[in-house]
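A short write-up of the structure that comes next.
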Amino acid sequence: MKAPAALLLALLLCGQPGTGRAQDEEEEEHADVGPEGYDDDDDEEGQEASVAAGLLQCYACQSLYRGERCKQVQNCVHGHSFCKAIMSHGNTESGPLTTYSAWCADTCQPITKTLEGTLMTLTCCQSTLCNIPPWQEPPGSGAGSPQGSPAMVAATLLLSLLPGLQAMGS
Amino acid sequence: MESKALFLVALGMWLQSLTATRGGVAAADRITGGRDYIDIESKFALRTPEDTAEDTCHLIPGVTESVANCHFNHSSKTFVVIHGWTVTGMYESWVPKLVAALYKREPDSNVIVVDWLSRAQQHYPVSAGYTKLVGKDVAKFINWMAEEFHYPLDNVHLLGYSLGAHAAGIAGSLTNKKVNRITGLDPAGPNFEYAEAPSRLSPDDADFVDVLHTFTRGSPGRSIGIQKPVGHVDIYPNGGTFQPGCNIGEAIRVIAERGLGDVDQLVKCSHERSIHLFIDSLLNEENPSKAYRCNSKEAFEKGLCLSCRKNRCNNLGYEINKVRAKRSSKMYLKTRSQMPYKVFHYQVKIHFSGTESDTQTNQAFEISLYGTVAESENIPFTLPEVSANKTYSFLIYTEVDIGELLMLKLKWKSDSYFSWSDWWSSPGFAIEKIRVKAGETQKKVIFCSREKVSHLQKGKASVVFVKCHDKSLNKKSG
């Protein structure tokens, strides 16, 4: 367990695009291109998502239920300086339902509004992984402080991604 | 179309007989200045912000004092308004409206109205032929202003409506230096659709030529407005064929309200809309309508052209960005039926999943958008066909600025209030996400089903989707 983590950390520090990032990108790509492939103009973005120092990291999950963990972390591209999150709470046919979505964003204006009986809360924050679902334990809570060294954060991030990476590798 | 043209001609003759007093006066009281200017028949009235409706003071080519007498402002820009074919032999009611709007936006400017009414009230083909002479007159006038007063042509903006647009084009091609801009307001189609560039409005006639096409219904050559692009930027509001609020039902309502006095307005409703769109752009400067470059009207209707990358979108009217593409580009937008004309455009993309094997045709849906500022509910749209495991893209638009999108509701309408087939087994699809691209804000938003997957059933309750991702498209990242 220790060896692969160290290896990945080394990869990260060398500035090599690691597989950890590829996972994020794949999600982004998928989100953009519809099955029929229109939107030719749809961004060459993601290319410039270099793991340069100082860029923000946010949780990136879509429509989690209450209690569900967000396991995906995104390195925000340059210019995306907000971690954004929306929580919706309202009644559905199957009873009251809370959902949570989080992502990196370039603009963000917090707002709380009830629409057709659904309470929507949009929140904005600007620190590493600050858009964590309220029911989720912060990574390494108890041990390192949130302002831990970048290497520490990277390591915890990679560790949290490990299961996914292994699945991809096979 | 034919019958409409006949109606116009008949109406013209009738009204002409009522107002046949004008014509002759013009030639008689001409003051002849320099030799070169003696054959100029068109008149150039400098209107004032105080009196936008009357030609009280004329700038007379060759007569230097006339310019000072009319208080021409040499240090500000000049708009030259050129009217089109007129059945009545009088200025149409839009002229003072456009003059007033120009002065409202540019209070220090000079707004000159070109009077070529006597030539403009002939049979259409005759008047169409006169655009060459009118263009020549205007060019002579402009050249004189440049030579006599060193007035910079870079300050000159010609605005021509219908036949006036081609007169403006000819004028622009004959000036010693290019004028700054020509705006063609639904340039006339008959006799010009197949004409060569020198005898009609074309991109070479000014530094920048922008054109609004609002009444291009019918086969090319027959349509009142020219169909092909003739400027650097050619905008086709609502597809360019016909404008909202200009149908027969609307016409009857207007006659009932205002009487028959405005009957000519109805015939020209779509044609004249070009002018009112431009007036709107002068008056509502904070909220310019956006037009989007697109290869076809059909692609625009599918919502595929709401991009602003690489100058693919532009402002309609006065605040247009002067983009000179190598080949002229057609741009599209939707509008309201009255001022302010602006609407907000959205592309909606939905993937229908399921095991349904039938393809349904002409299905009616309703979508509601909820945002930070307001909401727009029950916007109808029809999909020509719906079948499982396909993605559909379409355009919707709304008059209200709903702000940042937060939530979306979708409903699949039943064919009638009580449909046996729907009751027996109503078809349905599973939808995970809906993608929306907003043209005006250049944002892409993903809406997720709250239950991971929602089931949309025909004739049943609407389904709610909540925003779960968004991003800006125009920001250059990195």
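The values are calculated or read from the model by the stated rules, or taken from the named source; none is laboratory data. If you're wondering where the values come from, they're calculated on a predicted model, not measured in any experiment. Every residue, glycine as well, gets a Cβ built from its backbone with ideal geometry; the counts of neighbours run over all protein chains shown. Heads up: the accessible areas ignore ligands, DNA and RNA and are worked out on the full protein's heavy atoms, side chains in. Shrake-Rupley method; radii C 1.70, N 1.55, O 1.52, S 1.80 Å.
In segment A:57-125, the ratio of gyration radius to Kirkwood radius, Rg to Rh, stands at 1.02 when only Cα atoms are counted. Projected label points at B:Lys177 and B:Ser425, each 7 Å from Cα along the beta carbon direction, are separated by 7.7 nanometres. Only protein heavy atoms count here, probed at 1.4 Å, and on that basis chains A and B bury about 3700 Å² of accessible area in total. Longest stretch of chain B clear of exposed loop sites (chymotrypsin sites (Phe, Trp or Tyr not before Pro), DSSP loop, at most 14 other Cβ atoms within 10 Å, sites excluded): B:195-416.
So which of B:Lys411/B:Lys444; B:Lys43/B:Lys334; B:Lys77/B:Lys342; B:Lys104/B:Lys268; B:Lys310/B:Lys433 end up more than 32 Å apart, counting from Cα to Cα?
From B:Lys411/B:Lys444; B:Lys43/B:Lys334; B:Lys77/B:Lys342; B:Lys104/B:Lys268; B:Lys310/B:Lys433, over 32 Å: B:Lys43/B:Lys334.
So what is the calculated 222 nm ellipticity per residue for chain B, using -39500 (n - 2.57) for each DSSP H run with n of 4 or more, over all residues, to the nearest 500 deg cm²/dmol? Write out the running numbers ahead of the final one.
Working: 12 runs with 122 residues, N = 478.
Roughly -7500 deg cm²/dmol at 222 nm, from the helical runs in chain B.
For the full complex of protein chains and a 1.4 angstrom probe, list A:Thr98, A:Thr128 by accessible area with the highest value first. Write down the numbers at each step before the final one.
Numbers: A:Thr98 10, A:Thr128 75 Å².
Heavy-atom accessible area, descending, gives A:Thr128, A:Thr98.
Taking trypsin sites (Lys or Arg not before Pro) as candidate sites, keep only those in a DSSP loop with at most 11 other Cβ atoms within 10 Å, then name the longest stretch of chain B containing none of them.
B:1-325
To the nearest whole number, what is the average tally of beta carbon atoms from other chains within 10 Å of the beta carbons of peptide A:107-117?
Working: counts 7, 2, 3, 0, 6, 0, 7, 0, 11, 8, 1.
Per residue, the average neighbour count from other chains is 4.
Counting only protein heavy atoms and a probe of 1.4 Å, the accessible surface of chain B is 52% carbon and sulfur. Of the residues B:Val80, B:Val464, ranked by 1.4 Å probe accessible area with the largest first, the sequence reads B:Val464, B:Val80. Screening chain B for whole DSSP H helices of 18 Å or more along their axis (Cα) with average Kyte-Doolittle hydropathy at least -1.0 returns B:2-18, B:124-149, B:269-283. One equal scatterer on each Cα of segment B:183-238, no solvent, Debye formula: the resulting log10 I(q)/I(0) at q = 0.17, 0.23 Å⁻¹ is -0.45, -0.81. I'd like the Kirkwood hydrodynamic radius of chain B, using the inverse of the mean 1/r over distinct C-alpha pairs, in Å. Mean inverse Cα-Cα distance, inverted, gives 24.5 Å.
Under a point-charge model restricted to the Cβ atoms of Lys and Arg (+1) and Asp and Glu (-1), what is the dipole moment magnitude of segment B:182-337 relative to its Cα centre, in debye to the nearest 20? Write out the running numbers ahead of the final one.
Details: 22 positive and 19 negative charges, 161 e Å.
With only Lys, Arg, Asp and Glu charged at Cβ, the dipole is about 780 debye.
Distances between every pair of Cα atoms in segment B:226-359, grouped in 5 Å steps from 0 to the bin holding the largest one, split as 2, 9, 17, 19, 17, 13, 8, 7, 4, 3, 1, 0, 0 percent. Each Lys or Arg adds one and each Asp or Glu takes one away; over the other residues whose Cβ falls under 10 Å from the Cβ of B:Pro220, this sums to +1.
Since only B:Asn143, B:Gln243, B:Thr131 are under comparison, the one whose Cα sits farthest along the positive direction of the charge dipole of segment B:43-333, derived from C-beta charges on Lys, Arg, Asp and Glu, is B:Gln243.
Applying the Karplus relation 6.51 cos²θ - 1.76 cosθ + 1.60 with θ = phi - 60° to segment B:112-120 yields 3J(HN,Hα) values of 9, 9, 7, 9, 10, 4, 5, 7, 8 Hz, where x marks Gly and Pro. With a 10 Å cut-off around each Cβ of B:75-82, the average count of Cβ atoms from other chains is 0.
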